[in-house]
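To start, the structure itself, in structure tokens.
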Amino acid sequence: MTLYGVGLGPGEADLVTVRGKRILEDADVVYSPGRLSRTVALEHVPEERIGDLEFPMTRDEEKLRAAWKEAAAEIAPNAREGDVAFVTLGDPNVYSTFGHLRRTIDAFHPDIDLEIVPGVSAVTAFATALGVEIEAGAGLSLREAASGASPTGPDRMILFKVTDAPATHAGLVEAGYEVTYGRRLFMEQGETLVTDDPAEIDERDYYTLAYAEKADLEIEQATAAFRTDGTDGPSSDESIADGGSESTVAGRPSANGPLSGRERGVEFRSLPEDSDVDGTLVDLERAEGCEHGDCSEHWY
Ligand SMILES: C[S@@+](CC[C@H](N)C(=O)[O-])C[C@H]1O[C@@H](n2cnc3c(N)ncnc32)[C@H](O)[C@@H]1O
């Protein structure tokens, strides 16, 4: 039978694909590598069909390899007997733990049939959440900014694993980027936050990304004419004075071409004063990051 790698999307239960949901509902066992993915899976699968997998909180590659071998040995017999699923947040093929499992299964249990169900990745979900339009023809690079790193070069970048936003921000601004941050986008657990102020997210939270765009980037689009041509539509002044709804509401990108973060009018949300930011969320982040087996930046 088959082992399905199922992408759960960014975290909200109804962002799982129809196919993913069907496979989760039909699978004999649904394996989850972390607490957040387990919580999302539980929206579709009764608890008795969830198979928890233990991963050590370590960067030691030897120990991680042993853990993946053990996970594969647990999953393989069930995948021979019936259909099983292994869930990951986002897409299984984007910066994901599923790759570790797939390679381990390929190496030690090559007879197992394997199928992947794509999920809504943070790579695409960020655009809606942050009100960014990646227009046809534009380039977009994915980078990692763990431990305050500030990768530079491309005109537009998505940065994953933003764990020290102030440090990352300093490097990016120095290199001429405008940056917007998104935390826990489309997630049911924890507070969603979109901001261009790194001080608002100086508490580490694993589920934080950034979108960086060169400040001097010039984009010409046919519909840009609507910004100044009073006969065909409102000027940008009018639309922004009206509350900027065309360019902003529910993350709908502007028809006038990409604007800077503030101009985009993205609803920049702060956490409430009494939010338990440094308790629950950070604990979840640490646990999830390591339970996924990707504490090590070199474990592939
Ligand atoms: C190991 S990658 C997993 C990516 C996932 N497989 C996907 O396709 O979205 C984890 C990183 O993705 C980003 N990320 C994933 N989901 C997110 C979300 N809902 N909100 C903000 N960032 C998210 C964060 O930067 C986090 O550190």
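The values are calculated or read from the model by the stated rules, or taken from the named source; none is laboratory data. The shown structure was predicted, so the numbers you read here are calculated from the model rather than taken from an experiment. We place every Cβ from the backbone using ideal geometry, glycine too, and count neighbours over all the protein chains shown.
Do you know which of the residues in the range 155-195 that are closer than 13 Å to TYR206 by Cβ and modelled with pLDDT under 95 is surrounded by the most Cβ atoms within 10 Å (Cβ to Cβ)? By that ranking, first place goes to GLY190. Is it the case that VAL45 is outside any helix (DSSP H, G or I) and of a type in the set (A, V, I, L, M)? The answer is yes for VAL45. What about VAL84, is it under 20 Å from TYR207 (Cβ atoms), in the same structural domain as LEU8 (by TED's automatic domain parsing) and either buried (at least 17 other Cβ atoms within 10 Å of the Cβ) or out of contact with any strand residue (DSSP E or B) (no Cβ under 6 Å at 6 or more places or on another chain) (or both)? Considered against the rule, which asks whether it is under 20 Å from TYR207 (Cβ atoms), in the same structural domain as LEU8 (by TED's automatic domain parsing) and either buried (at least 17 other Cβ atoms within 10 Å of the Cβ) or out of contact with any strand residue (DSSP E or B) (no Cβ under 6 Å at 6 or more places or on another chain) (or both), VAL84 comes out as no. The residues on offer are ALA138, ALA127, and the sole one that is small (Gly, Ala, Ser), out of contact with any helix residue (DSSP H, G or I) (no Cβ under 6 Å at 6 or more places or on another chain) and part of a helix (DSSP H, G or I) is ALA127.
Going by the structure shown, is VAL87 part of a loop (DSSP other than H, G, I, E, B), in contact with a Ser or Thr (Cβ under 9 Å, 6 or more places away or on another chain) and among the β-branched types (Val, Ile, Thr)? Against the criterion (part of a loop (DSSP other than H, G, I, E, B), in contact with a Ser or Thr (Cβ under 9 Å, 6 or more places away or on another chain) and among the β-branched types (Val, Ile, Thr)), VAL87 does not qualify.
Within the range 45-66, being more than 12 Å from PHE86 (Cα to Cα) and buried (at least 20 other Cβ atoms within 10 Å of the Cβ) holds for VAL45, PHE55, LEU64.
In the range 66-76 there is no residue matching the filter, namely being touching a strand residue (DSSP E or B) at 6+ places or on another chain (Cβ under 8 Å), within 16 Å of the ligand (Cβ to nearest atom) and closer than 13 Å to GLY5 by Cα. Only one entry of VAL30, VAL6 meets the criterion of being in a strand (DSSP E or B), within 16 Å of the ligand (Cβ to nearest atom), under 17 Å from ARG102 (Cα atoms) and assigned by TED's automatic domain parsing to the domain that holds HIS109, and that entry is VAL6.
Taking residues in the range 1-21 that are touching a residue at least 24 places away in the same chain (Cβ under 8 Å) and surrounded by fewer than 24 Cβ atoms within 10 Å (Cβ to Cβ), and partners anywhere that are among the charged types (D, E, K, R) and in a loop (DSSP other than H, G, I, E, B), the pairs with Cβ atoms closer than 6 Å and at least 6 places apart or on different chains are MET1/ASP83; THR2/ASP83; GLU12/GLU188; ALA13/GLU43.
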